[in-house]
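Taking it in order: structure first as structure tokens, then the write-up.
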Amino acid sequence: MSNYHLDHLQHLETEAIHVMREVAGEFERPALLFSGGKDSICLIRLAEKAFRPSELPMPLLNVDTGHHFPELNEFRDARAKELGAKLIVRRVEDAIASGVAVPAPGEISRNRLQIPTLLAAIEEFRFDCCIGGARRDEEKARAKERFFSFRDSFGQWDPKNQRPEIWNLYNARINPGENMRVFPLSNWTEMDVWEYIRREKLEVPTIYFSHRRQCVRRQGQWLPVTTLVPPKPNEEVRELVVRVRTIGDIISTGMVESPADSVDDIIAEIAAARVTERGSRADDKSSEAAMEDRKKAGYF
Amino acid sequence: MPASQHHPVDILRFNTCGSVDDGKSTLIGRLLYDSKSLMEDQIEALERSADITGGGQINLANLTDGLRAEREQGITIDVAYRYFATPRRKFIIADTPGHVQYTRNMVTGASSANLSIVLVDARLGVIEQSRRHSCIASLLRIPHLIVAINKMDLVDWSEARFMEIRDQFEEFLPRLDMKDVQFIPISALNGDNVVEPSKHTPWYAGPTLLGHLESVHIGSDWNLNGFRLPVQWVNRPNNPQDAKLHDFRGFSGQIAGGIVRVGQKVLALPAGITSTVQQIWTYDGPVQEAFCPQSVTLVLAHDIDISRGSMIIGLDQLPGTGTELHAKVCWMHQRPLLRGKKYFLKHTSNTVQAVVSEIEHRINITTLEPEPAPTELGLNDIGEIRLRTAKPLIYDGYAANRLTGSFILVEQGTNATVAAGMLHASREVVKPENADYVI
């Protein structure tokens with residue numbers, strides 16, 4: 001093999017850096033969505049690789065559902081500070097209070113309510129592009145999405161009318177009020193993300209690693225017991241050795257029983273896994289088209 | 001190999017194409033299923049939909065047909081990307097529709113592929129669709145082709161039928177300029193010769209489909225001749241803490257061809273000024289050399305006017321330049337291409353205005369023969385056109401470099417991507433001697 005060879009992670013890395021720099025070159029007011037989850041942690045490292053020694057040419061944006069794991073928010077704030085980056089947080093609570101987001105009667109999940117909160121933040125700061133950490137291997141509707149995903153002035157995705165993406169030439173042109181969502185990790189898998197975390201020695205929130213936690217069994221999943229998810233009278237609370245595989249809201253993220261307490265262990269666990277990452281998220285299970293419907297409405 | 005050392009050595013991108021019922025999606029489902037890349041919840045979801053709509057029969061096509069309209073109509077309406085890895089390689093699959101009106105999606109899915117799989121129904125043999133897809137693969141210069149002759153179970157695993165189809169295909173191969181073509185008899189539905197060798201084809205000595213995907217040599221698919229760096233972004237720190245960075249001015253981009261070394265003479269275009277590479281900056285520290293397709297930041301010895309859209313090139317193997325372009329285009333929009341209409345042309349990191357000066361001919365996509373000059377090119381047409389740009393482009397022929405020889409056209413106003421273009425090499429070449437006035 002010649003010396004001029006890139007392995008699969010180096011290929012994915014240079015592709016993602018190219019995408020990030022296209023954003024910086026083509027948009028006036030981009031933002032990078034940073035939750036503190038493993039995918040956006042990789043995004044941040046890629047942004048450093050794309051733009052250092054300069055400052056990141058975009059602020060970080062996070063929509064806080066109010067149902068986040070506290071460990072995640074702590075990590076998010078600490079990492080943003082370490083980067084010297086501007087972090088903008090917009091809260092679903094505030095969007096509900098101001099009437100921007102209106103919960104349906106009995107709606108506990110904040111999943112749908114993230115959408116108006118995000119769209120309001122885009123309008124407030126006049127962002128013309130948001131970089132997100134979504135991957136095509138996560139879900140069937142995402143498998144059809146472009147790197148540069150055009151949103152109309154209502155923030156909507158039209159899957160049947162996407163711009164063709166040819167070679168590495170991304171059409172970034174939009175009219176005022178329209179918006180682009182850009183996904184540099186489109187071609188990454190869950191395994192690639194963890195292998196990149198290992199190669200780059202990236203820190204991740206502690207909830208990805210094995211710890212003891214009180215859980216209740218609901219709809220085939222172990223949910224963490226919190227003030228938001230109190231045990232029902234007939235439910236047995238079990239203290240288990242668990243970790244999270246994917247982080248959604250604390251009320252819908254299934255904990256996985258696992259002794260994995262290092263990145264190596266996690267990689268070994270994924271290699272042997274028999275369910276997908278999103279198999280542990282109740283929000284995607286509701287119907288086969290659940291993600292497609294949310295994306296059309298403006299979700300990531 | 002222990003799971004924790006799971007390390008694919010490279011990436012192979014391939015696309016599958018075929019007609020509506022050739023079984024593309026079934027084949028991908030089969031590759032994922034048999035290579036154990038499918039997870040229990042995905043199989044569960046398949047079973048759920050099988051109980052509702054499929055009379056209990058699992059439909060592997062449901063794995064890739066992700067959008068609601070596709071499941072309703074039973075067709076694939078867009079490019080779906082799938083991923084799997086074996087210990088030898090990571091694979092990126094673009095599942096592209098064979099439906100006639102979606103040829104543009106096939107061009108999209110195939111543009112970055114190393115390899116294309118054309119599916120042929122063993123009962124029907126080589127039909128117009130198979131020819132069309134092979135021609136598109138050839139036009140896009142995909143280096144490797146697999147002709148998977150599917151549904152062999154329905155022709156009683158007949159070697160004679162396999163040979164007959166291979167002969168049909170080979171008859172028109174010389175027109176395609178394809179160097180590497182592999183024929184494989186399969187049954188995607190039953191899995192024969194997909195991952196495991198089939199016991200029904202003792203007469204076939206070649207590799208299985210996955211075996212071939214794992215071993216086909218793709219090391220030379222990137223262009224390492226003639227250094228090209230399209231500048232995406234000028235890297236200038238504002239008020240850096242580190243005093244050494246006060247005068248830092250780097251040019252960031254992804255190398256689109258060749259190799260660059262510290263100390264090498266380079267030419268910055270369109271400024272037309274030569275300089276020397278002082279530093280190759282990366283986040284992981286400076287490096288002595290870098291190559292296509294790495295992303296780097298170059299620091300040059302002189303302060304030259306370079307911005308997004310400029311190109312930094314090596315002094316050997318000079319690219320072409322000019323405002324008169326000659327290209328093949330695949331038209332991707334309902335509104336036809338018209339002579340005299342202005343478009344935005346995006347080439348590497350550079351966007352210029354372009355006007356269509358001539359439509360020379362349409363290419364018959366099942367024979368690759370030119371057809372007499374049409375007045376317009378419609379959706380899914382491929383043709384030869386001439387364009388005039390507002391500023392000179394620095395470019396290579398697509399045959400020499402896929403990255404610096406390709407462009408897209410964007411409609412003004414709607415911003416729709418309306419065409420994919422492949423440039424013919426320019427007759428006029430960049431002249432470094434005229435440009436060599438070092439400041």
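The values are calculated or read from the model by the stated rules, or taken from the named source; none is laboratory data. Bear in mind the structure is a predicted one, so any value in this text is a computation, not a measurement. So basically every Cβ, Gly included, is an ideal-geometry build from the backbone, and we count neighbours across all protein chains shown.
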query: Just one of the numbered conditions (1) touching a Lys or Arg at 6+ places or on another chain (Cβ under 9 Å); (2) under 29 Å from A:LEU6 (Cβ atoms); (3) surrounded by fewer than 18 Cβ atoms within 10 Å (Cβ to Cβ) is not true of B:LEU154; which one?
result: (2)
- prompt: What strands (runs of 3 or more DSSP E) lie completely within the range B:71-152 and have 2 or more residues being at pLDDT 90 or above and closer than 25 Å to A:ALA143 by Cα?
  reply: B:90-95, B:115-121, B:144-150
- request: Could you list, in sequence order, all residues of the range A:138-157 that are within 11 Å of chain B (Cβ to nearest Cβ), among the acidic types (Asp, Glu) and in a loop (DSSP other than H, G, I, E, B)?
  value: A:GLU139, A:GLU145
query: For the range B:276-345, list the strands (runs of 3 or more DSSP E) that sit wholly inside it and hold at least 1 residues that are more than 28 Å from the chain's Cα centre (by Cα) and surrounded by fewer than 22 Cβ atoms within 10 Å (Cβ to Cβ); which are they?
result: B:295-300
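Quick one: which strands (runs of 3 or more DSSP E) lie wholly within the range A:165-254 and hold at least 1 residues that are in the same structural domain as A:ASN62 (by TED's automatic domain parsing) and over 19 Å from the mean Cα position of the chain (by Cα)? Break it down stepwise before answering.
On the way: elements: A:179-182, A:211-218, A:221-224, A:238-243.
Correct list: empty, since no element meets the threshold.
Conditions tested, residue by residue: (1) of a type in the set (Val, Ile, Thr); (2) at pLDDT 95 or above.
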| residue | (1), (2) |
| --- | --- |
| B:THR297 | yes, yes |
| B:ARG308 | no, yes |
| B:GLN317 | no, no |
| B:ASN350 | no, yes |
| B:ALA354 | no, yes |
| B:HIS361 | no, no |
| B:LEU368 | no, no |
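Yes or no, residue by residue, for (1) away from chain A (no Cβ under 14 Å); (2) free of Cβ contacts under 8 Å to residues at least 12 places away in the same chain; (3) closer than 13 Å to B:TYR343 by Cα; (4) polar (S, T, N, Q):
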{"site": "B:LEU403", "(1), (2), (3), (4)": "no, no, no, no"}
{"site": "B:ILE408", "(1), (2), (3), (4)": "no, no, yes, no"}
{"site": "B:ASN415", "(1), (2), (3), (4)": "no, yes, yes, yes"}
{"site": "B:GLY421", "(1), (2), (3), (4)": "no, no, yes, no"}
message: On the basis of being within 27 Å of B:LEU423 (Cβ to Cβ), touching a residue at least 12 places away in the same chain (Cβ under 8 Å) and not basic (Lys, Arg), does B:GLY257 make the cut?
response: yes
query: Right, B:GLY397: more than 22 Å from the chain's Cα centre (by Cα), in contact (Cβ under 8 Å) with a residue 12 or more places away in the chain and either outside the structural domain of B:SER307 (by TED's automatic domain parsing) or part of a strand (DSSP E or B) (or both) or not?
result: no
- prompt: Condition test on B:LYS341, is it touching a strand residue (DSSP E or B) at 6+ places or on another chain (Cβ under 9 Å) and without any contact (Cβ under 8 Å) to a residue 24 or more places away in the chain?
  reply: yes
- prompt: Does at least one position in the range B:237-248 carry a residue that is without any contact (Cβ under 8 Å) to a residue 60 or more places away in the chain, buried (at least 17 other Cβ atoms within 10 Å of the Cβ) and touching a helix residue (DSSP H, G or I) at 6+ places or on another chain (Cβ under 9 Å)?
  reply: yes
- line: Screening A:PRO176, A:PRO184 for residues that are within 14 Å of another protein chain (Cβ to nearest Cβ), at pLDDT 95 or above and either closer than 30 Å to A:LEU119 by Cα or surrounded by 18 or more Cβ atoms within 10 Å (Cβ to Cβ) (or both) leaves only A:PRO184
query: Among the residues of the range A:210-217, is any of a type in the set (Val, Ile, Thr), within 14 Å of another protein chain (Cβ to nearest Cβ) and surrounded by 15 or more Cβ atoms within 10 Å (Cβ to Cβ)?
result: no
- prompt: Can you tell me which residues in the range B:282-315 are at the interface with another protein chain (Cβ under 10 Å from one of its Cβ atoms) and touching a Phe, Trp or Tyr at 6+ places or on another chain (Cβ under 8 Å)?
  reply: B:PHE291, B:CYS292, B:PRO293, B:VAL296, B:THR297, B:ARG308
- request: Would you point out the residue of the range B:108-120, among those that are more than 11 Å from chain A (Cβ to nearest Cβ) and surrounded by 22 or more Cβ atoms within 10 Å (Cβ to Cβ), that is farthest from B:ASP167 (Cα to Cα)?
  value: B:LEU115
query: Among all residue pairs at least 6 apart or on different chains, which show Cβ distances below 9 Å where the first residue, located in the range B:214-230, is more than 13 Å from chain A (Cβ to nearest Cβ) and under 16 Å from B:ARG13 (Cβ atoms) and the second is buried (at least 16 other Cβ atoms within 10 Å of the Cβ) and hydroxyl-bearing (Ser, Thr, Tyr)?
result: B:GLU214/B:THR86
- line: Picked from the range A:218-237 (must be of a type in the set (A, V, I, L, M, F, W, C) and closer than 20 Å to A:GLY66 by Cα), the residue surrounded by the most Cβ atoms within 10 Å (Cβ to Cβ) is A:LEU223
